[in-house]
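The values are calculated or read from the model by the stated rules, or taken from the named source; none is laboratory data. Just so it is clear, the model here is predicted, and its values are computed rather than measured. FYI the Cβ positions are ideal-geometry reconstructions off the backbone, even for glycines, and counts take in every protein chain you see.
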Amino acid sequence: MLKASSLLYAIFVCLIVSLLCGSLIMIFNYQYRLKQQYFLEEELVRASAANFLQVLNKDGAQESEGEVQFADERFTTSYTISKWGFYNLVKTKTVFKKDTLYKVALIGSTAKKEKLALYLSDLDKPLNIGGTTKIQGDVKISKYGVKPAYINNQNFTGTKLVHGAIGISEKRLPALQLHDDVTGNHKIVEVLLEELAGKSLYNSFHKPTVVVYADGVYDVRNISLSGNIILQSKDSVCIKNTAALNNILIKAPSVVFDDNFKGVVQVFAKRYVSLKKGVQLQYPSSIYIAHDSGDKIEILLEDKSKLAGGIVLTGDSYQSSLKRMVTIDKGALVIGDVYCYGKTQLKGKVIGTVYTDRFYLKTASSIYENYIVGGEINRLELPDNFIGLPLFLNENTNYELIKEL
């Protein structure tokens with residue numbers, strides 16, 4: 001009887017030991033597979049990043065699609081490059097076995113190496129500078145040069161008229177490479193703004209573009225729109241500070257941003273864009289108007305407003321350029337390029353480059369042409385790695401990542 005129980009006890013012990021050994025083997029095998037999976041996922045991430053850089057170097061400047069391959073040929077990335085406002089949108093898809101990694105990013109052209117602060121068309125008139133005006137960087141202006149001005153009982157108070165080299169400009173501004181096709185070949189889904197009142201909508205760039213129509217609605221408020229979305233209207237719209245807009249496009253004849261609005265948007269208007277007091281359009285935001293008709297074609301930045309990205313006001317007709325104007329009020333700030341085929345009234349500050357046909361100054365008593373009083377242009381403060389608007393066609397332009405979406 002004792003021997004039988006001992007044998008049973010021994011079998012039980014062996015069973016326990018075998019279960020423990022089997023569990024250890026299973027745990028070891030699971031950990032090994034987990035490490036292998038983690039290692040392969042790391043490789044997939046590295047391959048996706050490396051192939052993304054290949055896409056930038058290969059086709060960053062143009063709309064295209066295709067495939068690139070990682071060095072060990074196990075990872076193939078398919079990609080599509082399309083327009084998203086001023087910038088190019090890159091979508092990549094890297095596949096390895098059952099794993100897929102998606103990447104979406106905005107890319108743009110890096111800032112030029114030259115430190116050009118101002119390009120003023122040579123209209124046979126000097127540039128007159130008064131008050132506390134400061135220009136930091138090189139300039140290209142009329143052959144009549146730059147002169148100190150006395151206006152509104154203000155003499156020029158600086159030590160130098162221009163802190164940089166002075167060159168001669170051409171009769172016209174450099175030609176733009178921009179066009180009105182801001183969304184490429186994106187498929188679209190249409191939605192009415194009224195259907196989204198009080199709601200939030202995020203749309204991935206791997207899905208068709210959502211076009212939110214605001215026809216007949218002036219105030220855009222109490223709504224959150226983010227991602228692959230175009231807010232579009234045939235009428236003028238006012239964006240209230242209760243609207244949360246991130247990385248979207250806005251297309252309307254006139255757009256007004258109400259006091260203290262904050263967001264990231266690219267605006268494509270026809271007649272008028274206004275940034276009221278305290279508005280902050282964060283990087284990479286931009287404003288674009290290309291129009292030749294109408295009595296008032298203007299982009300206005302009021303006191304304490306800020307835009308990081310760039311401004312373009314242009315058209316085809318020189319006669320209409322006399323009606324086009326960019327106004328940067330005292331206390332307003334633009335970081336990036338300002339391109340105005342028309343008049344620029346500069347009382348605030350631009351960190352970047354200003355391209356304009358002429359300057360304009362309106363006081364209580366008179367109007368002056370090619371006068372700047374109290375404004376500032378500082379190209380030297382713009383970081384070397386700043387990615388600005390792709391204004392001009394340049395074969396040597398480098399395209400780099402702005403932000404992932």
Filter the range 104-156 for residues that are aromatic (Phe, Trp, Tyr) and at pLDDT below 90; the one that is nearest to ASN378 (Cα to Cα) is PHE156
In the range 238-263, anything closer than 16 Å to SER224 by Cα and part of a strand (DSSP E or B) is listed as CYS238, ILE239, ALA244, LEU245, ASN246, ASN247, ILE248, LEU249, ILE250, PHE257, LYS262, GLY263
Would you confirm whether or not the range 308-327 contains a residue that is part of a loop (DSSP other than H, G, I, E, B) and basic (Lys, Arg)? yes
- prompt: Has the range 351-363 got at least one residue that is closer than 30 Å to GLN154 by Cβ and surrounded by fewer than 19 Cβ atoms within 10 Å (Cβ to Cβ)?
  reply: yes
Given the criteria β-branched (Val, Ile, Thr) and at pLDDT below 95, does THR353 qualify?
no
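Could you look through the range 264-293, keep only residues that are β-branched (Val, Ile, Thr) and not in a loop (DSSP other than H, G, I, E, B), and pick out the one that is farthest from ASN222 (Cα to Cα)?
ILE289
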Checking LEU231, LEU245 in turn, the sole residue that is crowded, with 23+ Cβ neighbours inside 10 Å, more than 14 Å from ALA332 (Cβ to Cβ) and in contact (Cβ under 8 Å) with a residue 24 or more places away in the chain turns out to be LEU231
The condition of being in a helix (DSSP H, G or I), at pLDDT 75 or above and out of contact with any Asp or Glu (no Cβ under 9 Å at 6 or more places or on another chain) holds, among VAL95, VAL55, only for VAL55
Counting only residues in the range 157-201 that are under 26 Å from TYR218 (Cα atoms) and assigned to a loop (DSSP other than H, G, I, E, B), the one modelled with the highest pLDDT is identified as LYS199
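Kindly establish whether ILE372 is assigned to a strand (DSSP E or B), touching a Phe, Trp or Tyr at 6+ places or on another chain (Cβ under 9 Å) and either closer than 30 Å to SER204 by Cβ or among the basic types (Lys, Arg) (or both).
Against the criterion (assigned to a strand (DSSP E or B), touching a Phe, Trp or Tyr at 6+ places or on another chain (Cβ under 9 Å) and either closer than 30 Å to SER204 by Cβ or among the basic types (Lys, Arg) (or both)), ILE372 does not qualify.
Of a type in the set (Val, Ile, Thr), modelled with pLDDT of 75 or more and under 22 Å from SER109 (Cα atoms), is that true of VAL68?
Answer is no for this residue.
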